[in-house]
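Okay, so here's the structure we're looking at.
The values are calculated or read from the model by the stated rules, or taken from the named source; none is laboratory data. Nothing here was measured: the structure is a model prediction, and the numbers come from that model. Glycine also receives a Cβ, built like all others from the backbone with ideal geometry; neighbour counts cover every protein chain displayed. SASA here: full protein model, heavy atoms, side chains in, ligands and nucleic acids out. Shrake-Rupley method; radii C 1.70, N 1.55, O 1.52, S 1.80 Å.
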Amino acid sequence: MTNIVTLTGAGISAESGLGTFRDEGGLWAQHRIEDVATPEGFARNPKLVHDFYNARRAQAAEAVPNAAHLALAELGAKLDGELLIVTQNVDSLHEKASSTSILHMHGRLNGALCASCDHRWEAPLKMTPSDACPACGAPSTRPDVVWFGEIPYHMERIAEALSKADVFVSIGTSGEVYPAANFVAEADHFGAHTIELNLEPSAGASRFAECRFGPASEIVPAWVQEELAR
């Protein structure tokens, strides 16, 4: 049996039409990160933040999984072992592709969070600063996403999975955002074979035992078929 942990980033969803931080002309290019992806930005202008995430939520709702998402779903269904998908993405493309073992370390676009009582619920397509929490009634609704300066979700479960992984694969990530950028070192410490699958070398490419570069829709299915043929 083989235990595989994958870390997926914006690069795996780019071919489904969801932009990355670095895309020119996309949603992120129209706003400063400090204004729409920090607790301080939300405190200054909650309407701007809600409008931004409403646009992202609507965009993500229309997106469909690409060949890379589908390949990971096939791997999870057929692998003689366990596959855990740890994703930095807040979209639901892994779920749409029928993957089942997924940890959203940066939260989900289709989740809502009460900043007053921490209650969570499914987000409507559009949210506003006046939306009341269904649990406590406070008008403190925010997107259930992890902003810069906040602690990612599921860190204990991720650390445990990395300590037991036979293979760690990073797909479509920049290698610049911590703590995810350090997962390769953690996995390597426990003896996992480490692989980077990316459009181009990430900032941490030299830390991986193996690297393959190209569009995710091509290199991820190719790697999956190799794993299933073992």
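Just one of the numbered conditions (1) under 21 Å from A10 (Cβ atoms); (2) in contact with an Asp or Glu (Cβ under 7 Å, 6 or more places away or on another chain); (3) in contact (Cβ under 8 Å) with a residue 24 or more places away in the chain; (4) of a type outside the set (V, I, T) is not true of F213: (3). Of the residues making up region 144-160, not a single one is in contact (Cβ under 8 Å) with a residue 12 or more places away in the chain, open to solvent by less than 10 Å² (accessible area, probe 1.4 Å), over 30 Å from W121 (Cα atoms) and within 19 Å of the chain's Cα centre (by Cα). If the condition is being of a type outside the set (A, V, I, L, M), assigned to a loop (DSSP other than H, G, I, E, B) and touching a strand residue (DSSP E or B) at 6+ places or on another chain (Cβ under 9 Å), then region 113-131 contributes H119, P124, T128, P129, S130, D131. Specify the residue that is modelled with the highest pLDDT; the eligible residues are those in region 186-208 that are closer than 19 Å to G9 by Cα and part of a loop (DSSP other than H, G, I, E, B). Taking the candidates together, the pick is F208.
Among the residues of region 140-160, the ones that are outside any loop (DSSP other than H, G, I, E, B) and of a type outside the set (K, R) come to 9 in all. Looking only at residues in region 212-226 that are open to solvent by 20 Å² or more (accessible area, probe 1.4 Å) and outside any helix (DSSP H, G or I), which one is nearest to E186 (Cα to Cα)? Taking the candidates together, the pick is R212. Filtered by the rule that a residue be open to solvent by less than 70 Å² (accessible area, probe 1.4 Å) and among the acidic types (D, E), region 167-211 gives E186, E196, E210.
Only a single criterion out of (1) under 22 Å from R108 (Cβ atoms); (2) crowded, with 16+ Cβ neighbours inside 10 Å is not satisfied by A132, namely (2).
Evaluated against (1) surrounded by 13 or more Cβ atoms within 10 Å (Cβ to Cβ); (2) over 14 Å from T8 (Cβ atoms); (3) of a type outside the set (V, I, T), A229 falls short on exactly one condition, (1).
Residue by residue, here is whether (1) modelled with pLDDT of 95 or more; (2) of a type outside the set (D, E, K, R); (3) on the phi > 0 side of the Ramachandran plot; (4) crowded, with 21+ Cβ neighbours inside 10 Å holds:
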residue: N3; (1), (2), (3), (4): yes, yes, no, no
residue: T6; (1), (2), (3), (4): yes, yes, no, yes
residue: T20; (1), (2), (3), (4): no, yes, no, no
residue: E24; (1), (2), (3), (4): no, no, no, no
residue: H31; (1), (2), (3), (4): no, yes, no, no
residue: E34; (1), (2), (3), (4): no, no, no, no
residue: N45; (1), (2), (3), (4): yes, yes, no, no
residue: V64; (1), (2), (3), (4): yes, yes, no, no
residue: A67; (1), (2), (3), (4): yes, yes, no, no
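Looking at region 68-105, which of its residues are in contact with a Ser or Thr (Cβ under 8 Å, 6 or more places away or on another chain) and in a loop (DSSP other than H, G, I, E, B)? Result: L79, D80, Q88, N89, D91, M105.
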